[in-house]
Amino acid sequence: MLLYASHLLNPRQAPVAEAALWIQGDRIRYAGPRAGLPEEAKKERQSLDLGEAVIAPGLVDAHAHLELTALKGLPYPGNFVGWIRAVLQAKQALEPQRQDQEMHEGVLRLLRGGATCVGDHLSVASNPEALLRSPLRGKAFVEVLGVVPEVAADMARAAELFAEQWGRVPSRLEIVPSPHSVHALAPEVLKRLLEDPSRVHSVHLAES
């Protein structure tokens, strides 16, 4: 597949005018001036000229809450605690079908905005199917919180079960049970979740 555009942004070089991008399978074989295309690339049967456009690497949204897409436009009451309460109340009032539809819309908004990688943050009550079946790559962090040790341990088990069940869905995203924050999770559960050095986590250090 060949893509042509008026400009190309490549982190490894200066911006390129009259640019071309050559893709084979899931690999980028060439990114640079159109005049410098390898002869092999010119044999490609599929090509698309984007005209006055910029070809750029995909963007990364490192902290999304796609299950809350339906709450866009929720008014801010003037303080953080009040806002959290408003979010929880509005979320509980959502019909499951509406929440699923809005998560799908959230995925589409990311893709339209140029994002190709995401760090999404989910609750164990969410339905992540629209996210997992999307072309997005990255992590789906299942948030674990609770200052009471027994509550935190129960939520951690629920997050592990969530990851096991939804991990069977073919996806480009890894599902990771992850501490919500250092201040809203029992220390022993926080420590246990962070024991595996191979896992990447997303943890709030503070909130405002």
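For region 57-166, list the helices (runs of 4 or more DSSP H) that sit wholly inside it and hold at least 3 residues that are in contact with a helix residue (DSSP H, G or I) (Cβ under 9 Å, 6 or more places away or on another chain) and closer than 21 Å to Val182 by Cα; which are they?
Per the criteria, 149-166.
Here region 173-208 is the region considered, the condition is being hydroxyl-bearing (Ser, Thr, Tyr) and exposed (fewer than 15 other Cβ atoms within 10 Å of the Cβ), and the residue that is nearest to Glu160 (Cα to Cα) is Ser198. When you scan region 186-193, do you find a residue that is in the same structural domain as Thr69 (by TED's automatic domain parsing) and part of a loop (DSSP other than H, G, I, E, B), even just one? Scanning region 186-193, I find at least one residue that is in the same structural domain as Thr69 (by TED's automatic domain parsing) and part of a loop (DSSP other than H, G, I, E, B), so the answer is yes. The residue pairs whose first member lies in region 106-123 and is at positive phi, whose second member is assigned to a strand (DSSP E or B) and hydrophobic (A, V, I, L, M, F, W, C), and whose beta carbons are closer than 9 Å, counting only pairs six or more residues apart or on different chains, are Gly114/Leu59. Exactly one residue out of Val176, Val182, Val148 is among the hydrophobic types (A, V, I, L, M, F, W, C) and more than 17 Å from His201 (Cβ to Cβ), and it is Val148. Name the single residue, out of those in region 171-208 being within 17 Å of His65 (Cα to Cα) and acidic (Asp, Glu), that is nearest to the chain's Cα centre (by Cα). Selected residue: Glu174.
Residues checked against (1) touching a Lys or Arg at 6+ places or on another chain (Cβ under 8 Å); (2) of a type in the set (D, E, K, R); (3) assigned by TED's automatic domain parsing to the domain that holds Pro128:
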position: Pro15; (1), (2), (3): no, no, no
position: Tyr76; (1), (2), (3): no, no, yes
position: Trp83; (1), (2), (3): no, no, yes
position: Val87; (1), (2), (3): no, no, yes
position: Lys91; (1), (2), (3): no, yes, yes
position: Arg98; (1), (2), (3): no, yes, yes
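Residue count for region 117-163, restricted to those that are aliphatic (A, V, I, L, M) and under 20 Å from the mean Cα position of the chain (by Cα): 13. Of all residues in region 118-138, exactly one satisfies the criterion of being among the charged types (D, E, K, R), surrounded by fewer than 19 Cβ atoms within 10 Å (Cβ to Cβ) and within 19 Å of Ala158 (Cα to Cα), namely Glu129. A Cβ distance below 7 Å, combined with a sequence gap of six or more or placement on separate chains, defines the contacts here; from region 1-12, residues that are touching a residue at least 40 places away in the same chain (Cβ under 8 Å) reach residues that are in a loop (DSSP other than H, G, I, E, B) and small (Gly, Ala, Ser) in the pairs Ala5/Ala53; Ser6/Gly51; Ser6/Ala53; Leu9/Ala56. Picking from residues in region 105-117 that are more than 18 Å from Gly73 (Cβ to Cβ) and in contact with a Ser or Thr (Cβ under 9 Å, 6 or more places away or on another chain), the one that is surrounded by the most Cβ atoms within 10 Å (Cβ to Cβ) is Val107.
The values are calculated or read from the model by the stated rules, or taken from the named source; none is laboratory data. Note that the coordinates shown come from a computational prediction; the quantities given were computed from them, not determined experimentally. Don't worry about glycine lacking a Cβ; one is built from the backbone with ideal geometry, like all the others, and counts go over all protein chains shown.
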